[in-house]
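Written out below as structure tokens is the structure these notes cover.
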2 protein chains.
Amino acid sequence: MSKFWSPAIESLVPYTPGEQPRIANLTKLNTNENPYPPAPGAAEAIKSFATDRLRLYPDPNASRLKEALASEFETDSSKIFVGNGSDEVLALAFMAFFRQPKPLLMPETSYSFYDVYANLYAIDHQKIPLTHDFRIELDDYPSENGGIIFANPNAPTGVALPLSAIKTLLERNQDSVVLVDEAYVDFGGESAASLVDEFPNLLVVQTFSKSRSLAGMRIGYAIGSVELIDGLERVKNSFNSYPLDMLAIEAGCASLADKNYFSQTCQRIMQTREQSREALQALGFEVLPSATNFLFAKHGELSGSELMTYLREHNILVRHFSKPLIADYLRITVGTDAEMALLIETLRQHPAISSKPAP
Amino acid sequence: MSKFWSPAIESLVPYTPGEQPRIANLTKLNTNENPYPPAPGAAEAIKSFATDRLRLYPDPNASRLKEALASEFETDSSKIFVGNGSDEVLALAFMAFFRQPKPLLMPETSYSFYDVYANLYAIDHQKIPLTHDFRIELDDYPSENGGIIFANPNAPTGVALPLSAIKTLLERNQDSVVLVDEAYVDFGGESAASLVDEFPNLLVVQTFSKSRSLAGMRIGYAIGSVELIDGLERVKNSFNSYPLDMLAIEAGCASLADKNYFSQTCQRIMQTREQSREALQALGFEVLPSATNFLFAKHGELSGSELMTYLREHNILVRHFSKPLIADYLRITVGTDAEMALLIETLRQHPAISSKPAP
């Protein structure tokens, strides 16, 4: 602790992002990045950008990007918010909506940044356990709350909720904000964006980082009622007027314009995921059903940290969380077919795996 | 007010950035943008960037940019913090350092975002008047405080403090953070960065937006003791892991590499500024001495808002603040020689100005 820090800073436990190694020749399956490049149009928008214009401030409202997103979701741009990655959108949403007298509800196992935001703003929060098979059970969320947040599909489990379950929650929970974090929804989940007009307390957050291969560009967004978007804008405009730079706005618009490329790469990843899931099961792994671009898997004979270390020694990075409920599991990003074949082959060569016949 | 907002959100009065019009053919002297393009190397770094890499997350620590800045300031990268524009750096610094039992001190007339941040975090603050000639008088800042923030050179006045005055303040104020916002320092101010090793409570904030012509790219940074930088990192990593995208990191590094271009464009703007100042004085304007890329000027016969409206009718944008102490003034960004000649000529044609002989 420094005497110069605000007193609340001492107790912060910041989020730890997955490793971004500088070493080449690593197979990087640890941060849920897309194995395919961004849409050709997005690359072209950057290459052809008139860089002299960078001397000017960007549009603080990023109106072109909001309009492109509004068109994508068949809604009005007044129902769209954009920010510097969905992490920033989430951070601003916590400030705008969840500093309430009643506790915020979140799944016990979910994106670990939720905890960090709650601590940053000193928000009282309550964690609701997943079911034994790692599903979010929204019936377990009490009506007395100052907000509800969950990821759908959930991370790091990959398990998706049906839209009907979210609608049932929204029907009985109309007095506080329900934030659905859909970072992974394009890989097989059902988006709640279609419910935004019906439920003014619903905020849906998505990102260009995964399905649009633009993690390096930092673009996140939210879809919600004008009332919620206005709340986000008030906080954003009290924090940083211009979170999206000019190139992020351009690349984002160009990415949205190429619908074919988007659906083809998502399809390809889902195919690779299902093949990889079967191959892992054949090696004796238990693998949760995934509606994301990652697989959450455990092996009966080996701990998660043993497997992570073994793969790391063979230049393959995967993510492991040292948390009691999920310590046995690995979160494995779905890469290309070749990357997944390498992963499977490397696992097969592990003495404790190769010695067992496929079940 | 929405019932879904956190109660504190209702009272926010967000910052209003200067207009970013979509109309072409405007002479834009309202947001202190640099009239010259960014360094050729920065443009080249963007054009030649391997866009396939955008599928990956950026380095959350932006280490290359920190190292380039450390080299520029002849210090260690552990004393450098980077963020999404200096506005974000300021917003995080308010959270990290200024939420204290004692009030934060700031000049009565300064960058109006300071007020907004203080309100966002419910920070008790006290405003210290400028002198009658619009100088910051640091002797007027009481010792009992929870922090001190000011811009040097100050905005929107353009007036600079000598480094000796800041050193005197630091010598008597060692128990709270002193934040010197040096957004405009490269146009003739004296940076306090050289004092960072001596005073662990000093944080110097700078930006690539003005002197480096990269407003469109959103790059700000802070220089301070390891203790202060660690405090900023804790807050940043509890808010958004990756505020700088890959292209911002690349463009920033390339800009720092071209020292000649940087000093040449700064020199050119300072020359144009001094010529423009004389020309405005010849038209009967009172112009404060400026160490920035803008001039703060008033005309005895015409109000600030009258002049702003007149110029707007002639397709020239300047900035006017409707605040009692400075309502008579215009803040005029220093553009190219041609832009400033157009401004001067347009003002000369105003009936109330042309009728008066030059003093």
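Worth a mention:
- Residue within the range A:258-270 that is modelled with pLDDT of 95 or more and among the small types (Gly, Ala, Ser) present: yes
- Test: residue in the range A:60-70 that is touching a Gly at 6+ places or on another chain (Cβ under 9 Å), within 29 Å of B:GLU44 (Cα to Cα) and within 7 Å of another protein chain (Cβ to nearest Cβ): no
- Residue check for A:LEU104: surrounded by 24 or more Cβ atoms within 10 Å (Cβ to Cβ), without any contact (Cβ under 8 Å) to a residue 60 or more places away in the chain and more than 7 Å from chain B (Cβ to nearest Cβ): yes
- Looking only at the range A:133-158, residues that are loosely packed, with under 15 Cβ neighbours inside 10 Å and part of a loop (DSSP other than H, G, I, E, B) come to 5 in all.
- Residues that are in contact with a helix residue (DSSP H, G or I) (Cβ under 6 Å, 6 or more places away or on another chain) and farther than 30 Å from B:ARG218 by Cβ do not occur anywhere in the range B:318-325.
- Those strands (runs of 3 or more DSSP E) lying entirely in the range B:262-359 with at least 3 residues under 20 Å from the mean Cα position of the chain (by Cα): B:294-299, B:329-333
- Qualifying residue in the range B:214-229 (condition: touching a strand residue (DSSP E or B) at 6+ places or on another chain (Cβ under 9 Å), within 27 Å of A:TYR111 (Cα to Cα) and of a type outside the set (Lys, Arg)): yes
- Within the range A:347-359, the only residue that satisfies the criterion of being surrounded by 15 or more Cβ atoms within 10 Å (Cβ to Cβ) and farther than 26 Å from A:ASP133 by Cα is A:HIS350.
- A:ALA50 being buried (at least 16 other Cβ atoms within 10 Å of the Cβ) and more than 7 Å from every other protein chain (Cβ to nearest Cβ): no
- Only one of the numbered conditions (1) crowded, with 21+ Cβ neighbours inside 10 Å; (2) among the small types (Gly, Ala, Ser); (3) facing another protein chain (nearest Cβ under 7 Å) is violated by A:SER86, and that is (3).
- Qualifying residue in the range B:246-261 (condition: farther than 30 Å from B:ASP52 by Cα and part of a loop (DSSP other than H, G, I, E, B)): no
- Selection of first residues in the range B:13-30 that are within 30 Å of B:ASN119 (Cα to Cα) and of second residues that are modelled with pLDDT under 90 and of a type outside the set (A, V, I, L, M), restricted to Cβ pairs under 8 Å at least 6 apart or on distinct chains, gives the following pairs, ordered by first then second residue: B:ASN30/B:GLY18; B:ASN30/B:GLU19.
- Odd one out for A:ALA327 among (1) within 20 Å of A:GLY189 (Cβ to Cβ); (2) away from chain B (no Cβ under 14 Å): (1)
- Filter pass, B:TYR184 being more than 13 Å from chain A (Cβ to nearest Cβ), of a type in the set (Phe, Trp, Tyr) and out of contact with any strand residue (DSSP E or B) (no Cβ under 7 Å at 6 or more places or on another chain): yes
- Filtered by the rule that a residue be under 25 Å from B:GLY18 (Cβ atoms) and within 8 Å of chain B (Cβ to nearest Cβ), the range A:205-221 gives a lone residue, A:ARG218.
- Flag if A:LEU283 is at pLDDT below 95, farther than 17 Å from A:GLY335 by Cα and in contact with a helix residue (DSSP H, G or I) (Cβ under 9 Å, 6 or more places away or on another chain): no
- Identity of the residue in the range A:222-243, among the hydrophobic types (A, V, I, L, M, F, W, C) and at the interface with chain B (Cβ under 8 Å from one of its Cβ atoms), that ends up surrounded by the fewest Cβ atoms within 10 Å (Cβ to Cβ): A:VAL235
- The residue that is nearest to A:VAL178 (Cα to Cα), counting only those in the range A:244-256 that are facing another protein chain (nearest Cβ under 9 Å) and either in contact with a strand residue (DSSP E or B) (Cβ under 6 Å, 6 or more places away or on another chain) or among the aliphatic types (A, V, I, L, M) (or both), is A:LEU244.
- Check on A:ASN154, under 30 Å from A:ARG277 (Cβ atoms) and at pLDDT 95 or above: yes
- Exclusive hit being buried (at least 19 other Cβ atoms within 10 Å of the Cβ), in contact with a Ser or Thr (Cβ under 8 Å, 6 or more places away or on another chain) and among the hydrophobic types (A, V, I, L, M, F, W, C), set B:ILE344, B:ILE332: B:ILE332
- Test set (1) under 30 Å from A:LYS259 (Cβ atoms); (2) touching a residue at least 60 places away in the same chain (Cβ under 8 Å) - A:SER112 fails condition number: (1)
- The residues on offer are B:LEU228, B:LEU130, B:LEU161, and the sole one that is in a helix (DSSP H, G or I) and hydrophobic (A, V, I, L, M, F, W, C) is B:LEU228.
- Answer residue from the range A:248-302, given it is free of Cβ contacts under 8 Å to residues at least 24 places away in the same chain and small (Gly, Ala, Ser) and is nearest to A:THR31 (Cα to Cα) among those: A:SER263
- Flag for A:SER48 being touching a residue at least 12 places away in the same chain (Cβ under 8 Å) and among the hydroxyl-bearing types (Ser, Thr, Tyr): no
- Within the range B:110-129, the set of residues being within 20 Å of the chain's Cα centre (by Cα), surrounded by fewer than 21 Cβ atoms within 10 Å (Cβ to Cβ) and away from chain A (no Cβ under 14 Å) comprises B:LYS127, B:ILE128, B:PRO129.
- Among the conditions (1) within 18 Å of B:ILE269 (Cα to Cα); (2) within 14 Å of another protein chain (Cβ to nearest Cβ), the only one that B:PRO200 does not satisfy is (1).
The values are calculated or read from the model by the stated rules, or taken from the named source; none is laboratory data. Note that the coordinates shown come from a computational prediction; the quantities given were computed from them, not determined experimentally. Heads up, the Cβs are rebuilt from the backbone with ideal geometry, glycines too, and the neighbour counts pull from every protein chain shown.
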